[in-house]
Amino acid sequence: MQRYFIPAENYMEQQAIIRGDDAHHLMRVMRASPGDRVVISDGVNREALAEVVELYKENVLLRIVEERPMAGEPHTAVWIAQSLPKGDKLETVIQKGTEIGAVRFVPFMSARTVVQYDARKEAKRLDRWRKIAKEAAEQAHRGRIPEVDEPRSWKQLLELVPETALTLFCYEKEGAARLRDAVTAAQLRSEPSAGRPVLIVVGPEGGFTEEEAKAAEEAGCAVVGLGDRILRTETAGVVALSCLMYETGEMGG
């Protein structure tokens with residue numbers, strides 16, 4: 001069943017209104033007619049089965065049929081911090097990460113980031129990243145749309161570490177801990193982070209420098225490896241997220 005996130009002000013007690021691109025999608029792409037049903041969510045704490053009542057030129061009026069418990073959100077909140085990669089690789093990370101269960105994406109610049117940061121261009125890209133997160137959340141039947149932050153510096157990223165229950169610093173060095181061992185040490189299986197997030201940190205195409213790895217350890221990150229194979233930057237975060245979700249029981253583990 002088609003799913004739409006709508007602003008809280010358009011989600012009333014007995015009715016709801018879908019506007020803008022979502023209304024166009026429902027009317028023109030899905031070819032909805034009165035009586036058709038969809039799932040709506042305010043992305044905060046309300047979700048419902050709703051029925052199309054009337055289709056107007058630019059919006060769709062719905063009747064709330066049944067309020068439902070919000071589903072699709074993991075018990076452990078996971079953030080993915082991704083050093084800005086080339087091209088549209090971050091779009092892949094956001095799309096697949098949202099499907100798997102990430103709740104926030106934190107782009108950042110590190111020493112070997114090759115992308116030249118331009119605030120004006122990044123504003124447009126940020127809008128696109130957020131749109132991708134919304135569409136992926138709808139497709140995956142998430143209860144909320146993940147946040148996508150503005151790009152930040154390496155120093156600013158490390159300032160997030162004290163906010164987390166565990167920060168996994170993905171680094172291909174000999175002797176790096178296993179992700180499973182880090183999760184066990186943080187007791188995430190028995191205590192789903194007590195409301196604090198788990199942060200996964202992934203470097204750029206050229207990887208992190210030794211200085212960055214040292215700074216990450218000093219900041220309190222757990223340095224972990226993802227196996228004996230070298231993963232592409234757009235793959236590493238998704239793999240780490242999948243492993244983490246499995247280890248915390250979100251994927252049948």
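The values are calculated or read from the model by the stated rules, or taken from the named source; none is laboratory data. Note that this is a predicted model, so its numbers are computed, not measured. Heads up, the Cβs are rebuilt from the backbone with ideal geometry, glycines too, and the neighbour counts pull from every protein chain shown.
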Quick check on region 4-43: of everything there that is surrounded by fewer than 12 Cβ atoms within 10 Å (Cβ to Cβ) and of a type in the set (S, T, N, Q), which residue is nearest to the chain's Cα centre (by Cα)? GLN14
TRP154 meets each of (1) in contact with a helix residue (DSSP H, G or I) (Cβ under 8 Å, 6 or more places away or on another chain); (2) under 30 Å from GLU47 (Cα atoms); (3) surrounded by fewer than 22 Cβ atoms within 10 Å (Cβ to Cβ); (4) at pLDDT 90 or above with one exception, condition (2)
Going residue by residue through region 209-224, is there one that turns out to be under 25 Å from THR92 (Cα atoms), surrounded by fewer than 20 Cβ atoms within 10 Å (Cβ to Cβ), among the polar types (S, T, N, Q) and without any contact (Cβ under 8 Å) to a residue 40 or more places away in the chain? no
Go through region 200-224 and give me each residue that's part of a helix (DSSP H, G or I) and among the charged types (D, E, K, R). GLU210, GLU211, GLU212, LYS214, GLU217, GLU218
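Within region 231-253, is there a residue that is more than 16 Å from PHE108 (Cα to Cα), over 21 Å from the mean Cα position of the chain (by Cα) and touching a residue at least 12 places away in the same chain (Cβ under 8 Å)? Spell out how you get there, then give the answer.
Initially, region 231-253 is screened for residues more than 16 Å from PHE108 (Cα to Cα), giving 231-232, 235, 238-253.
Narrowing the set further to residues that are over 21 Å from the mean Cα position of the chain (by Cα) leaves none.
Within region 231-253, none of the residues are more than 16 Å from PHE108 (Cα to Cα), over 21 Å from the mean Cα position of the chain (by Cα) and touching a residue at least 12 places away in the same chain (Cβ under 8 Å).
Filter region 225-249 for residues that are in a loop (DSSP other than H, G, I, E, B) and not basic (Lys, Arg); which is surrounded by the fewest Cβ atoms within 10 Å (Cβ to Cβ)?
Within region 225-249, the first condition is being in a loop (DSSP other than H, G, I, E, B), and the residues that meet it are 226-232, 248-249.
If we keep only those that are not basic (Lys, Arg) too, we end up with 226-228, 230-231, 248-249.
Values: LEU226: 21, GLY227: 11, ASP228: 6, ILE230: 10, LEU231: 16, THR248: 20, GLY249: 14.
Ranking the qualifying residues of region 225-249, first place goes to ASP228.
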For region 166-181, indicate whether the set of residues that are within 19 Å of GLN95 (Cα to Cα) and assigned by TED's automatic domain parsing to the domain that holds ARG120 is non-empty. no
